[in-house]
Amino acid sequence: MRNVILSFLLLTGLAACQTTGLNSGDVGFKQGDIIEGNFKFGFNNLVVPLPEGPWEVASIHTDRNNQNDVGIFMFLVQGKNGRVAQTLELTTNQYPNRWGYATSSDCKRDGIHFRETFANFEGRNQDCMWLNHYRGEITSTSWYGKYLKSAVNYAKGKGYEWPLAVLASGHRLARVKQFFNYELAINPQSYGFPEPVNVEWKTSDWHPNSTAKDADKTAFIDKLKKLTISYHETVKAGWEGKLVVGEVESFSNSDLELGAAQ
């Protein structure tokens, strides 16, 4: 959903750590698969907590860089009333690496709806969460842009209208040998809001400067902040291997029926 690449660069050799095109990882799923309930992803007993209902695998990607680190990427969508109601973007490494990971820019970003950073150390522990808005249009021509466009094409092929703007609850976790990015994005149109007039990031209908002037949007954002905080504990439980594969966690579609603009 974002035009900004999700970082999985190694701490050592950052400048030289470009992808080689040797896509030898295994995501474990293929485009078109339907997933319900928690599932394993990557290694080290990492379990992805999946919100209620069926999710469709819209795009997958694997990449090996010249430090021999394999990143695996998966983009899930869930439809509602002919629209993509929410998406889930997942990224991790498939095998342990020796060096750890560069600090996450998301853990340092200001000027967004919400961010809390507990740790963001190069090559060591990283732990943060945020709520931000993004435009739905994909303009990047990089491999990452192609990966996202594959998800867009899949969703449109299934008859889902792609969102013009989303609000994304993001979560970043890392340790020396592993990282995990989890970003659940909500389409406000699926929850009662009209089509946005402006989606440019700085002037978007969903930029903090704009939502602060609208009582319904402010209430919606406030509820999403609370949900982001509650999600983070669940995502961390999956990171620590404490979730049961196949179960459905407490955050669900019913939680997202925020009723802000009916």
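The values are calculated or read from the model by the stated rules, or taken from the named source; none is laboratory data. Not measured: the values here are computed from a predicted model. As a convention, Cβ positions derive from the backbone with ideal geometry for all residues, glycine included, and neighbour counts pool all protein chains shown. For the accessible areas, the whole protein counts, side chains as well, though only heavy atoms, and no ligand, DNA or RNA atoms are used. Shrake-Rupley method; radii C 1.70, N 1.55, O 1.52, S 1.80 Å.
Before moving on, here are some points about what is shown:
- In plain terms, if you count all Cα to Cα distances in the range 131-207 and split them into 10 Å steps from zero, the share in each step is 17, 41, 34, 8, 1 percent.
- Per-bin percent of Cα-Cα distances, the range 37-131 [5 Å]: 3, 11, 16, 18, 22, 17, 10, 3, 1, 0
- Pairs of Cα atoms farther than 27 Å apart, the range 61-188, %: 23
- Karplus 3J(HN,Hα) series, Hz, for the range 103-118 with 6.51 cos²θ - 1.76 cosθ + 1.60 (x for Gly, Pro): 4, 8, 5, 5, 6, 10, 6, 10, x, 10, 5, 6, 7, 9, 10, 9
- Distant-in-sequence amide H partners of Ala165 (H built 1.01 Å from N, under 5 Å): Gly136
- Efficiency of FRET from Cβ geometry, Ser142 and Glu200, R₀ 25 Å, rounded to 0.05: 0.75
- Largest-first principal axis extents of the Cα set of the range 107-245 (Å): 43, 35, 30
- Taken per residue, the accessible surface of the range 75-217 reaches 41 Å², heavy atoms only and a 1.4 Å probe.
- Listed values for the range 224-230 are Karplus-derived 3J(HN,Hα) couplings in whole Hz (6.51 cos²θ - 1.76 cosθ + 1.60, θ = phi - 60°), namely 5, 4, 5, 5, 4, 5, 5, and x replaces Gly and Pro.
- For the range 116-229: lysine pairs under 19 Å (alpha-carbon distance), excluding those fewer than 8 apart on one chain: 9
- Shown in residue order for the range 207-216 are the 3J(HN,Hα) couplings computed by the Karplus curve 6.51 cos²θ - 1.76 cosθ + 1.60 at θ = phi - 60°: 5, x, 5, 7, 5, 5, 8, 10, 5, 5 Hz (x for Gly and Pro).
- With every protein chain in place, the range 160-213: carbon and sulfur % of accessible area (1.4 Å): 55
- Stokes-Einstein, applied to the Kirkwood radius of the range 119-158 over Cα pairs at a viscosity of 1.306 mPa s and 10 °C, places its translational diffusion at 123 µm² s⁻¹.
- Across all directions, the average projected area of the convex hull around the alpha carbons of the range 191-248 is 5.7 nm².
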